[in-house]
Amino acid sequence: MTVSRNKFKKTLGSFVTGVTIVTTCLDNKRHGLTVNAFSSLSMDPPLVLICIDKKTESNRILKQSKIFAINILDKKQKNLSKIFSDPNNKNRFYGVKTTTKITGSPIIVNSLGYIDCTVEKIIPAGDHNIFIGKIKTLNSKNLDPLIYHRGNYLV
Ligand SMILES: Cc1cc2nc3c(=O)[nH]c(=O)nc-3n(C[C@H](O)[C@H](O)[C@H](O)COP(=O)(O)O)c2cc1C
């Protein structure tokens, strides 16, 4: 039986997620995109995973940089989620304050949390690549998360 695009989007979109911005740095240039295909993977060793569309610019950059940070958004950062998912926006970091921790990937100041990783492994899977990240450092604050459900932000 074939799986229709619409049913795939509707059913998978019914699962509630948080929202993250995955950032990296290549040749001193910051890059980032909005990602909700993110999961905890292993505690020992400490691993996480993100799924990135093979067609994106980010996929090409992440394969080269071999580092990324997952910035977990809080409910006041809906605008950032929109900016970092806009394919036409080439200046996504405009006005966004960032710092770095261990890998050099941008950490967005004021986010709910961050996970700073090196790329441990890349697993091709259909039209996406699974990037497994080894956690180098992480932290979080007690803020309310941005929530995504059925294509809408819940606040
Ligand atoms: C809420 C939300 C979640 C998203 N999650 C993902 C994701 O998990 N993986 C992905 O490849 N793209 C995801 N996207 C789409 C990318 O953010 C979008 O394609 C972006 O323009 C890619 O940037 P780039 O073209 O600079 O690589 C998501 C978009 C939104 C709005």
Residue-count net charge about ILE132 - beta-carbon cut-off 10 Å; Lys, Arg +1, Asp, Glu -1
+1
Any idea what the dipole of the stretch 19-150 comes to, in debye rounded to 20, about its Cα centre with Lys/Arg Cβ at +1 and Asp/Glu Cβ at -1?
300 debye
For the chain: rounded, prolate or oblate by the Cα gyration tensor [a/c cutoff 1.5]:
rounded
Loop-only check: which chymotrypsin sites (Phe, Trp or Tyr not before Pro) in the stretch 1-55 are DSSP coil with at most 15 other Cβ within 10 angstrom?
PHE15
Set the Förster distance to 22 Å, then compute FRET efficiency between SER85 and ASP44 from the Cβ-Cβ distance, nearest 0.05.
0.10
So how strong a dipole does the stretch 103-144 carry about its Cα centre when Lys and Arg Cβ are +1 and Asp and Glu Cβ are -1, to the nearest 20 debye?
160 debye
Sparse-neighbourhood loop hits (trypsin sites (Lys or Arg not before Pro), the stretch 1-109; DSSP loop; Cβ within 10 Å at most 14 others) -> LYS54, LYS55, LYS90, LYS97
222 nm [θ] for the chain, helices only, -39500 (n - 2.57) per DSSP H run of 4+, per residue, to 500?
-4000 deg cm²/dmol
Taking the alpha-carbon centre of each part, the distance from the stretch 64-143 to the stretch 2-37 in Å is 11 Å
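Give the residue list of chymotrypsin sites (Phe, Trp or Tyr not before Pro) in the stretch 69-155 that are DSSP loop and have at most 13 other beta-carbon atoms within 10 angstrom. List each step's numbers first, then the result.
Numbers: sites: PHE84, PHE93, TYR94, TYR114, PHE131, TYR148, TYR153; in loops: PHE84, PHE93, TYR94.
Passing both the DSSP loop test and the Cβ count: TYR94.
None of the figures in this text is laboratory data; all of them are computed from the coordinates on show. Please read all numbers here as calculations on a predicted model, not as lab measurements. Because the Cβ atoms are built from the backbone with ideal geometry, glycine has one as well, and the counts that use them run over all protein chains shown.
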